[in-house]
Amino acid sequence: MSISEGVSVMLKLYETWPDQLLGSYRDALNVKVPRITPQGIVLCGMGGSGVTADYVLALAAAKGFRVPVFVHKSEGLPPWVTRDHLVIAISYSGNTYETLSCAREARSRGALVGSVTSGGKLGQWAKESGLPLALIEPNYYPRTALGMLIGAALGLLKASGVDLVSDNEVRAAADALRSTSAEEGLVIANAIGDRDVYIIAGCGPFEIIAHRWRQELSENAKVIAKTEFYPESAHNDLVAWQVQHKLRKGFVLIEGGGRLCSVITDMLRGVYEGQGDVTVRVTPRGEGLLAQLLQGSLLGGYVSVYLAQLRGVDPRTTEITGKYKHALEEAGLS
């Protein structure tokens with residue numbers, strides 16, 4: 001597998017996000033789900049699939065959703081989850097141990113369980129159990145299928161009566177994704193390409209964009225990346241920049257997120273630039289929060305692929321994660 005081939009493949013997959021979002025959302029709306037009024041919603045998932053839950057949580061928080069929404073990224077379930085909760089299990093492959101464990105445990109407690117997957121054990125289990133299943137397309141890398149995962153999760157929730165976004169908001173998000181070019185990512189990658197460590201900062205609802213950029217830089221470009229989440233990081237992480245550090249640093253500042261966040265990002269520009277390193281400012285665009293979250297995230301995907309190219313690594317390969325999966329199998333956890 002050549003690096004150039006890997007870059008080409010990954011860019012083409014990221015470019016499909018608008019169609020992924022619209023298609024999976026539309027399909028999930030047609031899934032037969034009992035319409036309930038849950039005591040709470042729990043979203044289970046890991047890695048590039050589980051991050052879907054973080055976007056749902058960000059949307060619910062920003063909209064003042066009255067039903068508590070929780071993200072669970074481990075095996076099993078918290079003890080307070082009961083039959084009165086709605087549980088959504090999200091695993092692109094359908095074979096993620098922690099997510100399967102969550103779904104099975106939720107089912108044993110009598111909770112309604114919906115699943116988002118391309119198949120695998122989770123898909124088979126959901127079919128055999130007669131549970132709501134939003135099937136999505138196979139043959140993607142999970143991190144390149146985020147549009148599909150989010151569309152399916154939001155559609156499945158809406159089908160159950162949990163209305164977090166309107167159809168117009170989903171269409172606006174697809175429009176924002178179409179407006180995002182790979183060339184934008186190339187410009188940023190060229191600006192930060194030779195750094196030793198990357199610091200990505202986000203504030204308020206845009207924390208998830210910073211989180212996603214870190215994941216993308218780690219998986220695709222294989223670089224060391226750190227996130228700072230404001231305003232919390234103003235009380236701890238910020239102190240690291242009181243002194244000069246010899247490492248070559250690349251700062252990415254995700255701007256926006258509200259009045260407090262505007263104050264913070266104005267302050268951070270001076271702090272980061274005071275380190276004498278490269279600072280890139282990114283302002284997510286689009287009509288509505290869903291559009292902004294996805295647009296900013298897609299840009300991070302493009303940056304990470306071009307950064308991989310500049311650093312001479314294949315963005316597709318993640319073979320080291322196989323050691324974890326092998327350890328689970330050896331322990332009889334599957």
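All of the numbers you see were taken from the coordinates with simple rules; none came from a lab. Keep in mind it's a predicted model, so treat the numbers as computed, not measured. A quick note on method: Cβ atoms are made from the backbone with ideal geometry, for glycine too, and the neighbour counts reach across all protein chains shown.
For the chain, the relative contact order works out to 21 percent when only alpha carbon pairs closer than 8 Å and six or more residues apart are counted. With both labels modelled 7 Å from their Cα along Cα-to-Cβ, the Asp19 to Asp194 distance reads 3.9 nm. For the stretch 204-334, the relative contact order works out to 32 percent when only alpha carbon pairs closer than 8 Å and six or more residues apart are counted. 3J(HN,Hα) along the stretch 170-176: 5, 5, 5, 5, 5, 5, 5 Hz, from the Karplus curve 6.51 cos²θ - 1.76 cosθ + 1.60 with θ = phi - 60°, whole Hz, x for Gly and Pro.
How much length is gained if the chain between Ser181 and Met267 is pulled fully straight, taking 0.36 nm per residue apart and subtracting their Cα-Cα distance, in nm to one decimal?
That works out to 28.0 nm of additional length.
Each Lys and Arg adds +1 at its Cβ and each Asp and Glu adds -1 at its Cβ; summed about the Cα centre, the stretch 180-311 shows a dipole of about 240 debye.
Only alpha carbons enter this Debye calculation for the stretch 180-311, each as an equal point scatterer, and the log10 of I(q)/I(0) it gives at q = 0.10 Å⁻¹ is -0.28. Amide H contacts of Ser115 (H built 1.01 Å from N, in plane; Pro and chain starts excluded): Ala89, Leu133, Ala134 sit under 5 Å, all sequence-distant by 5 or more or on other chains.
Which order results if Thr317, Thr117 are arranged by neighbouring Cβ count within 10 Å, fewest first?
On the way: Thr317 15, Thr117 31.
So the ranking, lowest neighbour count to highest, is Thr317, Thr117.
Using only Cα atoms, find the angle between the long axis of helix 97-108 and the longest principal axis of the chain, and express it within 0 to 90 degrees, rounded to the nearest 10. Roughly 30 degrees between the two axes.
With N the number of residues in the stretch 3-165, Rg(Cα) / (2.2 N^0.38 Å) evaluates to 0.98.
Computed from backbone phi with θ = phi - 60° and the Karplus coefficients 6.51, -1.76 and 1.60, the 3J(HN,Hα) list for the stretch 45-61 is x, 10, x, x, 8, x, 5, 3, 4, 5, 5, 4, 4, 4, 5, 5, 5 Hz; x is used for glycine and proline. Is the stretch 121-266 rounded, prolate or oblate when judged by the Cα gyration tensor, a ≥ b ≥ c being the square roots of its eigenvalues, rounded requiring a/c under 1.5 and prolate requiring a/b larger than b/c? Taking the square roots of the gyration eigenvalues as a ≥ b ≥ c, the stretch 121-266 is prolate.
Packing here is the average count of other Cβ atoms within 10 Å per residue, and on that basis the peptides 67-80, 169-182, 128-141, 92-105, highest first, run 92-105, 169-182, 128-141, 67-80. Mark the label point 7 Å from the Cα of Gln244 along Cα→Cβ and return the residues of the stretch 272-316 whose backbone N is within less than 16 Å of it. Taking a point 7 Å out along Cα→Cβ of Gln244, the residues of the stretch 272-316 whose backbone N falls under 16 Å are 272-278.
Shape class of the stretch 47-130 from the alpha-carbon gyration tensor: oblate, with a/c at 1.5 or above and b/c at least as large as a/b.
Less than 5 angstrom separates the built amide H of Thr227 from those of Ile200, all sequence-distant by 5 or more or on a different chain. Rounded to the nearest 20 debye, the dipole size of the chain about its Cα centre is 500 debye, using +1 on the Cβ of Lys and Arg and -1 on the Cβ of Asp and Glu. Based on C-alpha pairs under 8 angstrom that are at least 6 apart in sequence, the stretch 3-165 has a relative contact order of 33 percent.
When the GluC sites (Glu not before Pro) in the stretch 276-334 are filtered for DSSP coil states and for at most 11 other beta-carbon atoms within 10 Å of their beta-carbon, the remaining sites are Glu319. Using the Cβ-Cβ distance between Glu287 and Asn236 with R0 = 35 Å, the FRET efficiency computed as 1/(1 + (r/R0)^6) comes to roughly 0.50. Close amide H partners of Arg281, meaning residues 5 or more places away or on another chain with modelled amide H under 5 Å apart, are Leu253. The protection proxy used here, the mean number of other Cβ atoms lying within 10 Å of each residue, ranks peptides 186-198, 239-251, 215-227, 149-161 as follows, highest first: 149-161, 215-227, 186-198, 239-251. Listed values for the stretch 264-281 are Karplus-derived 3J(HN,Hα) couplings in whole Hz (6.51 cos²θ - 1.76 cosθ + 1.60, θ = phi - 60°), namely 5, 5, 4, 5, 5, 3, x, 5, 5, 5, x, 6, x, 10, 7, 10, 10, 9, and x replaces Gly and Pro. The charge dipole of the stretch 112-180, taken about its Cα centre with unit charges on the Cβ atoms of Lys, Arg (+1), Asp and Glu (-1) only, comes to about 200 debye. When the charge dipole of the stretch 128-276 is built from unit charges on Cβ atoms (+1 for Lys and Arg, -1 for Asp and Glu) and taken about the Cα centre, the candidate among Ile200, Ala159, Leu133 whose Cα reaches farthest toward its positive end is Ile200.
Where does the charge balance sit around Tyr230 when Lys and Arg score +1, Asp and Glu -1, over other residues with C-beta under 15 Å from its C-beta? Write down the numbers at each step before the final one.
Details: positive: Arg214, Lys226, Arg259, Arg269, Arg281; negative: Glu207, Glu228, Glu232, Asp237, Glu255, Asp266.
Result for the neighbourhood of Tyr230: -1.
Measuring r between the beta carbons of Arg83 and Ser334 and using R0 = 25 Å, the FRET efficiency lands at 0.45.
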